[in-house]
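Following: one structure in C-alpha cells, then a few remarks.
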Amino acid sequence: LRRPGRSLPDIVPFPAGQADLKLLRPRRRSTARGAGGHLRMGGFYNEKTECGLVGAGFMGKAHSIGYSDMPKYFWPAPAVPVLKTICDIVPEIAADAKERFGFEKCCTDWRDIVNDPEIDVVSICTPNNVHAEIAIAALNAGKHVLCEKPIASTLEDAKAMAEAAKKAAQKGIIAMNAYQYRRVPAIDLAKKFIDEGSIGKILNVRCTYLQSWSADPASPLSWRFQKDIAGAGTLGDIASHVIDIAQYLAGDIEAVTGMMQTYITERPVQEGGTDLLGTVKLGADAKRKAVDVDDEDSFLVKFKNGAVGSIEATRNAWGRNNFITVELHGTLGSLYFNYERLNELQVCLAGDPDDRRGFKTIYTGPAHFHGEVTWNIPGMNIGYGELKSIESYEFIKAVVEGRQPSTSFAEGYRVERVCDAVKRSAETGRWVTVND
Ligand code: SOE
C-alpha cells in the first residue's frame with residue numbers, strides 16, 4: 001500500500017449486495033509487497049493495509065475498533081485494515097490487548113512496529129510526551145501515521161512533527177492527527193451552512209468542552225495530571241478539540257486572553273496500568289502527589305477574520321459528561337451543536353418570518369456526512385465508535401489516495417500554537433498573539 005494518487009470509486013451505500021459489488025472494478029494487485037497484500041472477497045481483490053498500534057489503553061481500544069469496523073461501513077474499503085501488531089510497555093497489557101482487539105502479534109517496544117517492513121500504518125495512542133519520537137521515527141521509516149491529540153506535549157515537539165510530516169509528504173507519506181470531532185456529521189453540516197453563506201458573516205463563536213470524570217478528588221493521578229508527560233491538563237486534553245473545531249469552522253484564531261485554574265492540587269497516585277479516566281477511586285491510604293497541570297481553562301478569542309468568541313474547558317464539571325458545545329452567531333443566523341445530542345444540529349435563520357423564527361433541530365442521518373454507509377435508516381444514530389470508524393476511513397482513504405487529510409500535523413501544530421498562547425496569556429494576564 002504505497003501507491004499514492006489513486007482515486008477511489010464511490011462507496012456503495014449499506015447494505016451492499018452482490019449485485020452492487022459486480023458493478024465495481026476489480027482492484028489491481030499492488031506491487032508494493034509482492035503477492036501478500038490482498039484478500040480475495042466475493043471474486044474481487046480488496047487491498048489490505050497492515051496496522052501497528054502503539055499504546056493499548058482507552059485510545060488503543062478506540063483505534064482498534066475504528067480499524068476493524070471501518071470496512072463494515074465503508075465497502076469497498078479503500079484498503080482493509082489488518083491488525084498486525086499492538087505495543088504496550090506493560091507486557092501483560094500488550095498480551096491482553098492482542099487477544100481482546102484481535103491483533104496478530106504484540107510487543108513492548110514501539111521500534112518493533114516502526115522497523116517492521118510489513119507494517120504500512122501506525123496509530124500512536126500513547127501519552128503525549130512520546131508522540132514526537134514515535135511519529136518522527138515512523139514517518140522517517142516510511143509509515144503513514146495517525147497520532148492521537150494533542151499532537152505533542154511541547155510546542156517544540158509539535159513543530160518538529162509538523163516539519164517531519166511536511167518532508168514525508170513529499171514521498172506520499174500521510175500524517176494525521178485524531179481530531180475526530182470535526183468529523184461529526186452535525187459539525188460537517190454546520191460547516192456547509194457556513195461555507196454556503198447561509199448564516200452570513202460569523203460574528204461570535206462560543207465553545208465549551210466540559211467533562212466530569214476528574215471532578216472527584218479521589219480520582220487517581222494518572223499521566224494526564226503530570227506536566228512532564230501530558231504537557232498540559234485540560235487544555236491539551238480537551239480544550240484542544242474545541243480549538244480545532246472553532247478554527248475549522250471560523251478560521252484562524254489570532255489572539256487570546258485567558259485564565260487557567262487548578263482546583264484539586266493533589267491526587268492519589270495510580271501505580272501503573274492503563275488510565276481509567278476516573279472510573280476508579282483510590283482510598284485515603286493511597287500515596288498522593290501534587291497535580292501540576294490545569295483543571296479548568298477559560299479564554300476569549302479573536303479570529304483573524306474579525307469574529308470573536310470564548311472557549312471554556314474543564315474535566316471537573318459534575319453533570320457535564322462530554323459536553324462539547326459550539327454556538328455560532330452570524331449576520332444571517334445561528335448554529336448550535338452539543339455532543340450530548342450528537343446526532344442533532346440546531347439552526348436559526350434570520351430570513352424566517354418573525355413569527356416562525358427560532359432554532360429548529362435537524363437530525364443527522366443518511367443524508368449527512370457518511371450517513372448513507374453508517375446506518376441508512378433515519379434515527380438509528382451514530383456514537384463514538386462510528387466516529388472512530390469514520391476517522392479510520394478518512395485516514396486510510398488519504399493513504400490510498402496519497403493526499404494529506406484535513407486534520408494533518410500542520411493542523412495539530414496550529415491547535416498547539418493556540419494552546420501555547422493561552423498558557424502565555426494565563427501567566428501574564430494579557431492578550432497574547434498566536435505565533436505563526
Ligand atoms: C479524556 O478527557 C478524553 O479521553 C480525551 O483525552 C479525549 O480526547 C476525549 O475525546 C474524550 O475524553
Give just the number: which of (1) farther than 17 Å from Leu235 by Cβ; (2) within 15 Å of the ligand (Cβ to nearest atom) does Asn316 not satisfy?
(1)
Quick check on my filter: what residues within region 140-157 are within 16 Å of the ligand (Cβ to nearest atom) and either without any contact (Cβ under 8 Å) to a residue 40 or more places away in the chain or out of contact with any Phe, Trp or Tyr (no Cβ under 9 Å at 6 or more places or on another chain) (or both)?
Glu148, Pro150, Ser153
Hey, could you check region 118-138 for residues that are touching a strand residue (DSSP E or B) at 6+ places or on another chain (Cβ under 8 Å) and assigned to a loop (DSSP other than H, G, I, E, B) and say which is surrounded by the fewest Cβ atoms within 10 Å (Cβ to Cβ)?
Glu118
Taking only region 206-229 into account, find how many residues are more than 12 Å from the ligand (Cβ to nearest atom) and polar (S, T, N, Q).
2
Contacts under 8 angstrom Cβ, first residue in region 93-121 being under 18 Å from Ala168 (Cβ atoms), partner at pLDDT 95 or above and of a type in the set (Phe, Trp, Tyr), 6 or more apart:
Val121/Phe395
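Can you tell me which residue is nearest to Ile324 (Cα to Cα) among those in region 230-254 that are within 13 Å of the ligand (Cβ to nearest atom) and among the aliphatic types (A, V, I, L, M)?
Val242
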Among (1) in a helix (DSSP H, G or I); (2) surrounded by fewer than 22 Cβ atoms within 10 Å (Cβ to Cβ), which single condition is Ile113 missing?
(2)
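Restricting attention to region 170-184, report how many residues are assigned to a loop (DSSP other than H, G, I, E, B) and touching a strand residue (DSSP E or B) at 6+ places or on another chain (Cβ under 7 Å). If you could, list the steps in order and put the result at the bottom.
So in region 170-184, the residues assigned to a loop (DSSP other than H, G, I, E, B) come out as 170-174, 178-179, 184.
If we keep only those that are touching a strand residue (DSSP E or B) at 6+ places or on another chain (Cβ under 7 Å) as well, we get 173-174, 178.
Matching residues across region 170-184 total 3.
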Condition first: free of Cβ contacts under 8 Å to residues at least 60 places away in the same chain, within 15 Å of the ligand (Cβ to nearest atom) and among the hydrophobic types (A, V, I, L, M, F, W, C). Now tell me which residues in region 265-280 satisfy that.
Leu276
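Which members of region 264-278 meet the condition of being polar (S, T, N, Q) and either surrounded by fewer than 10 Cβ atoms within 10 Å (Cβ to Cβ) or more than 27 Å from the chain's Cα centre (by Cα) (or both)?
Quick first cut of region 264-278, residues polar (S, T, N, Q) only: 265, 270, 274.
Hit for region 264-278 is Thr265, nothing else.
Conditions (1) away from the ligand (no atom under 16 Å from the Cβ); (2) at pLDDT 95 or above; (3) touching a helix residue (DSSP H, G or I) at 6+ places or on another chain (Cβ under 9 Å); (4) in a strand (DSSP E or B), marked per residue:
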{"residue": "Pro15", "(1), (2), (3), (4)": "yes, no, no, no"}
{"residue": "Arg29", "(1), (2), (3), (4)": "yes, no, no, no"}
{"residue": "Arg40", "(1), (2), (3), (4)": "yes, no, no, yes"}
{"residue": "Asn46", "(1), (2), (3), (4)": "yes, no, yes, yes"}
{"residue": "Leu53", "(1), (2), (3), (4)": "yes, yes, yes, yes"}
{"residue": "Gly60", "(1), (2), (3), (4)": "no, yes, yes, no"}
{"residue": "Asp69", "(1), (2), (3), (4)": "yes, yes, yes, no"}
{"residue": "Lys84", "(1), (2), (3), (4)": "yes, yes, yes, yes"}
Can you tell which of Lys289, Lys281 is of a type outside the set (Ser, Thr, Tyr), surrounded by fewer than 18 Cβ atoms within 10 Å (Cβ to Cβ) and not in a loop (DSSP other than H, G, I, E, B)?
Lys289
Free of Cβ contacts under 8 Å to residues at least 60 places away in the same chain and either assigned to a helix (DSSP H, G or I) or away from the ligand (no atom under 16 Å from the Cβ) (or both): is that true of Ile199 in this structure?
no
Select from region 192-230 the residues that are in contact with a Pro (Cβ under 7 Å, 6 or more places away or on another chain) and under 17 Å from Pro150 (Cα atoms) and write down the one among them that is surrounded by the most Cβ atoms within 10 Å (Cβ to Cβ).
Ala230
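The values are calculated or read from the model by the stated rules, or taken from the named source; none is laboratory data. All values reported here derive from a predicted model rather than from experimental measurement. All Cβ positions, glycine included, derive from the backbone under ideal geometry; neighbour counts span all protein chains shown.
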